[in-house]
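Notes follow the structure.
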Amino acid sequence: MVGQPELLALWVTLKLASLTTVLLLLIGTPIAWWLARTRSGLKGLVGAVVALPLVLPPTVLGFYLLLAMGPAGPIGHLTDALGLGTLPFTFAGLVVASTFYSLPFVVQPLQNAFQAIGERPLEAAATLRAAPLDAFFSVALPLARPGYLTAAVLGFAHTVGEFGVVLMIGGDIPGQTRVLSVLIYDQVEAGAYARAHWLAAGLVVFAFLVLLALYRFNPARQER
Amino acid sequence: MSLVARFQVAYPGYALEADLNLPGRGVSALFGPSGSGKSTLLRCVAGLTRAPGGYLEVNGQIWQDEARGLFLPPHRRALGYVFQEASLFSHLSVKRNLDYGWKRIAPAQRRVEREHILELLGMAPLLERKPDHLSGGERQRVAIARALLTSPKLLLMDEPLSALDHARKQEILPYLERLHDELEIPLVYVSHAPDEVARLADHLVVLEEGRVLASGPLTETLARLDLPIRLGEDAGVVLAGRIAERDAAWHLARVDFGGGSLWVRDAGLPLGREVRVRILARDVSLALQAHQGTSILNMLPARVEELAEDAHPALALARLDVGGAPLVARLTRRSVATLALAPGQRLWAQIKAVALIG
């Protein structure tokens, strides 16, 4: 049945996914905006880098992040110099890793949404005296709302589902870095199939509901 | 009081070169076929397209002078812009669309009365609706009202009627005519429809392949014989006059214009009302004597000013002077030879059809 370890893992998972989603929306917005509107030659390069986690094995991504965030890596040097210590095997480290890992799931829906808006509403806003930043917040952002919904749901769900990266970066510390997917793995390893079922089936239902909601409530594709 | 615009834009396979001086009041129409550069020119005026080396002065204020490194971005130009498709913000109600520009103007800068604009464009029944629930004509009216509420010093319209069907056009045109009568600011109106130009314009700019073929007052410019060739069947003149008499028995009205008077179908307009009439070149025929026993109501003494070839080798065009007002007649070259027409000759212009265009 569901006990203390499960609840703890659920709490860590939800905290991780929520924080990561918020961070991703903040970081993903300028990247997606730039990708949607730039005519720069760097567009292909940046787009490819953002999309890398889609095709890389999570262990590869986790491995390099581990090296980068470790005491000898560039991110490790930075966090050390800032007096934060190093990030591997901490919750903060997981958040950073998840942000990289789920980036394409947030950037791509946002980029599509911004592209779908086109130039015209922003031009109309400009002729109505809205400065570019004003037009972004008052016109582009509200019009991209369906894209934000998709991005948030996908970013959240994908972070809930991550395993390989967590294992490489976070290890398996209860209450800190042990998330649901890792706990299920532990339970199966220990032969506790009944307990694993509860969590595994719960995640299946969760994933299904998320996708159902996405298809039911996202009218963006139908309108255009 | 004038609008000075000098823009040069060059894309691969396309170039625009315009050096214009337009009146600081009234409607200037930029007329030409698609691809003639009229929309690009309008976008340059708005600052939506930045023309390197461009210069723009609106009634004494310089908005762009690239020679001195001055370029006001669109949101800092006091202009209103109506796009071909209304481009309303679909996430906002009509009321909030209208407020969008209004709110961004400091109260001290507002020179229009909100209620008056809403009334002028019949906004009251639409305010709570979303743009998706408006007809094409209603959307365009909202777009015009939204632009006017920013107290523009210059109003720009890019083919605002071209996306509408005939009935919707007829629904909007009266609103545009009211604007024409009321506006104190210049309106630059892009169109490829001769009937819109005839109804609305005071000043006509004809563009072709990125070059300005002609720029001048409507009546004079329409009477130029080098232009009607490009207008084809729509070649003709527009004269301004006023309703001088109404004949109830025959449902006719007499319109007096500078060069005489014309009988037109009575459209119910009151005496003294200023109107425009449009006379197409194909509806004007010439006679050496004043005919008796003809069904044609309008016959005016005229003098031949100029003869020119028309697009088809069988046809010719004649520019006439009717008491100071111009007329253009389209006739066959054989008729020119038979009547031995020559500049300076006095004859009669028989006008088969006169359209009263508001």
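If I filter the stretch A:205-218 for residues that are polar (S, T, N, Q), under 30 Å from A:Pro109 (Cα atoms) and either crowded, with 16+ Cβ neighbours inside 10 Å or at pLDDT below 90 (or both), do I get at least one hit? Yes, that holds for at least one residue. For the stretch B:164-179, name all the residues that are in a helix (DSSP H, G or I) and not charged (D, E, K, R). Those that are in a helix (DSSP H, G or I) and not charged (D, E, K, R): B:His166, B:Ala167, B:Gln170, B:Ile172, B:Leu173, B:Pro174, B:Tyr175, B:Leu176, B:Leu179. Picking from residues in the stretch B:155-180 that are buried (at least 21 other Cβ atoms within 10 Å of the Cβ) and in contact with a Pro (Cβ under 9 Å, 6 or more places away or on another chain), the one that is modelled with the highest pLDDT is B:Leu155. Taken over the stretch B:230-243, residues that are farther than 14 Å from B:Pro194 by Cα and surrounded by fewer than 14 Cβ atoms within 10 Å (Cβ to Cβ) amount to 0.
Identify, from the list A:Pro53, A:Pro74, the residue that is surrounded by fewer than 17 Cβ atoms within 10 Å (Cβ to Cβ) and at pLDDT 90 or above. If you could, list the steps in order and put the result at the bottom.
Values: A:Pro53 fails: surrounded by fewer than 17 Cβ atoms within 10 Å (Cβ to Cβ).
Exactly one of A:Pro53, A:Pro74 is surrounded by fewer than 17 Cβ atoms within 10 Å (Cβ to Cβ) and at pLDDT 90 or above, namely A:Pro74.
Taking the criterion of being without any contact (Cβ under 8 Å) to a residue 40 or more places away in the chain, farther than 20 Å from A:Lys15 by Cα and among the charged types (D, E, K, R), the residues of the stretch A:167-199 that qualify are A:Asp186, A:Glu189. In the stretch B:88-105, the qualifying residues are those that are part of a loop (DSSP other than H, G, I, E, B) and at the interface with chain A (Cβ under 10 Å from one of its Cβ atoms), and the one that is nearest to B:Leu154 (Cα to Cα) is B:Ile105. Against the numbered list (1) assigned to a loop (DSSP other than H, G, I, E, B); (2) more than 21 Å from B:Phe31 (Cβ to Cβ), B:Glu85 comes up short only at (2).
Can A:Val95 be described as within 30 Å of B:Ser90 (Cβ to Cβ), among the β-branched types (Val, Ile, Thr) and surrounded by 14 or more Cβ atoms within 10 Å (Cβ to Cβ)? Before the answer, list the steps.
Details: within 30 Å of B:Ser90 (Cβ to Cβ): no; among the β-branched types (Val, Ile, Thr): yes; surrounded by 14 or more Cβ atoms within 10 Å (Cβ to Cβ): yes.
When the stated conditions are applied, A:Val95 does not pass them.
Does A:Pro30 fit the bill of being within 14 Å of another protein chain (Cβ to nearest Cβ), assigned to a helix (DSSP H, G or I) and closer than 30 Å to B:Ala46 by Cα? Considered against the rule, which asks whether it is within 14 Å of another protein chain (Cβ to nearest Cβ), assigned to a helix (DSSP H, G or I) and closer than 30 Å to B:Ala46 by Cα, A:Pro30 comes out as no.
Out of the residues in the stretch A:92-138 that are of a type in the set (S, T, N, Q) and at the interface with another protein chain (Cβ under 8 Å from one of its Cβ atoms), which is nearest to B:Arg43 (Cα to Cα)? Don't jump to the end; show me each part of the working.
At the first step, the residues of the stretch A:92-138 found to be of a type in the set (S, T, N, Q) are A:98-99, A:102, A:108, A:111-112, A:115, A:127, A:138.
Cutting the leftovers down to at the interface with another protein chain (Cβ under 8 Å from one of its Cβ atoms) gives us A:127, A:138.
Working: A:Thr127: 11, A:Ser138: 23 Å.
Checked the stretch A:92-138; the qualifying residue nearest to B:Arg43 (Cα to Cα) is A:Thr127.
Quick check: anything in the stretch B:37-56 small (Gly, Ala, Ser), within 19 Å of the chain's Cα centre (by Cα), within 28 Å of A:Ala116 (Cβ to Cβ) and assigned to a loop (DSSP other than H, G, I, E, B)? No: zero hits. Taking residues in the stretch A:3-16 that are surrounded by fewer than 14 Cβ atoms within 10 Å (Cβ to Cβ), and partners anywhere that are part of a helix (DSSP H, G or I), the pairs with Cβ atoms closer than 9 Å and at least 6 places apart or on different chains are A:Gly3/A:Arg195.
The values are calculated or read from the model by the stated rules, or taken from the named source; none is laboratory data. A quick note: this is a predicted structure, and the numbers were derived from the prediction, not measured. Quick reminder, even Gly has a Cβ in these numbers, built from the backbone with ideal geometry, and neighbours come from all protein chains shown.
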